[in-house]
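Colleague: Have a look at this one.
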Amino acid sequence: MRKLVVVLALLYASGTASAEAYLRVIAQKASVRSGPSNGYRETAIVTRNQVFQVLERGTRDYWFKIELEDGTSGWILGDLVYPFEVGEEEQPGVFTRMGRAIRRAILGPSPIPTANVGLSFSAGLFDREGVFMLRPSWIIDPYWALEAFTGLSPRSDKSIYLNGLGFILRMAPGAVITPYAGISLGAAYISPKADNFVDKKETIMALGAGGGLEITFKKQITLRLDVRNWTLFDQNTSNNGQEYSGGLAIFF
């Protein structure tokens with residue numbers, strides 16, 4: 001019965017010049033694929049209550065082609081969606097058209113839904129000093145990733161080497177701009193300069209927590225921005241420092 005309602009709604013939309021058809025996602029998570037079959041490659045993941053415009057209905061089975069937020073299109077199984085609105089088409093304003101044009105010209109689909117591993121290199125500030133971070137990751141699923149880190153903060157009186165492991169939670173995997181949160185635990189190796197008689201060589205614990213953004217451009221070029229608080233501690237002392245860094249990430 002529900003399939004019949006969907007088909008009738010879309011037939012009405014296609015037969016009315018001033019009408020558009022929309023679908024609302026009713027599943028908790030749904031895959032968007034490059035073609036109208038489960039055999040096609042997964043290109044994005046959408047979540048419950050997201051709404052998309054219907055571009056066409058598949059000629060076989062029960063699939064619909066929709067327009068995604070980044071301007072690309074894909075196919076979604078009809079069992080996972082429901083018609084949301086069939087109404088008069090509204091002409092978008094000039095700023096809306098400009099925004100869509102810029103988004104389609106510059107931004108691209110996120111590689112996260114189809115990637116298995118990632119690697120990012122960032123540079124920035126850590127406790128008001130320079131820092132360089134390398135973060136390889138294993139993508140468990142589009143939401144969760146296991147991420148290692150290794151970094152260096154060279155300073156005038158000492159160098160701090162960071163190494164460890166943590167987790168990343170992506171809030172909107174598959175989106176052009178993806179916010180994420182992360183927590184990491186590892187070690188910090190303190191190496192004083194030759195003329196530094198205050199600090200000593202030692203290895204202490206390093207705990208980092210924070211988040212950031214991943215912004216995907218054309219050709220799957222991804223900009224990564226990180227903001228984290230680091231606590232370097234042992235059984236006697238602890239010190240806090242903030243990391244503000246940015247760099248590029250690649251996914252395979």
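The values are calculated or read from the model by the stated rules, or taken from the named source; none is laboratory data. Note that the structure is a prediction, hence the values are computed from the model and not measured. Cβ atoms come from the backbone with ideal geometry, glycine included; neighbour counts cover every protein chain shown.
Colleague: Please return the ranges of strands (runs of 3 or more DSSP E) entirely within the stretch 21-129 where 3 or more residues are more than 30 Å from D157 (Cβ to Cβ), assigned by TED's automatic domain parsing to the domain that holds L213 and modelled with pLDDT of 85 or more.
Modeller: Ranges flagged: 117-126.
Colleague: Let me ask something additional. Going through the stretch 164-189 one residue at a time, which ones are crowded, with 17+ Cβ neighbours inside 10 Å and in a strand (DSSP E or B)?
Modeller: Correct list: G164, G166, I168, R170, T178, Y180, G182, S184, G186, A188.
Colleague: Select from the stretch 212-248 the residues that are part of a strand (DSSP E or B) and aliphatic (A, V, I, L, M) and write down the one among them that is surrounded by the most Cβ atoms within 10 Å (Cβ to Cβ). Let's see the steps before the verdict.
Modeller: Narrowing the stretch 212-248 to residues part of a strand (DSSP E or B): 212-217, 222-233, 238-248.
Then keep just the ones that are aliphatic (A, V, I, L, M); that gives 213, 215, 223, 225, 227, 232, 248.
Details: L213: 15, I215: 17, L223: 15, L225: 16, V227: 14, L232: 20, L248: 12.
The residue in question is L232.
Colleague: Next up: Count, please, the residues in the stretch 147-176 that happen to be farther than 17 Å from G210 by Cβ and either among the acidic types (D, E) or within 17 Å of the chain's Cα centre (by Cα) (or both).
Modeller: 6
Colleague: Would it be correct to say that T150 is among the β-branched types (V, I, T), closer than 26 Å to I250 by Cα and assigned to a strand (DSSP E or B)? Spell out how you get there, then give the answer.
Modeller: Numbers: among the β-branched types (V, I, T): yes; closer than 26 Å to I250 by Cα: yes; assigned to a strand (DSSP E or B): yes.
Yes; evaluated as a whole, the condition is true for this residue.
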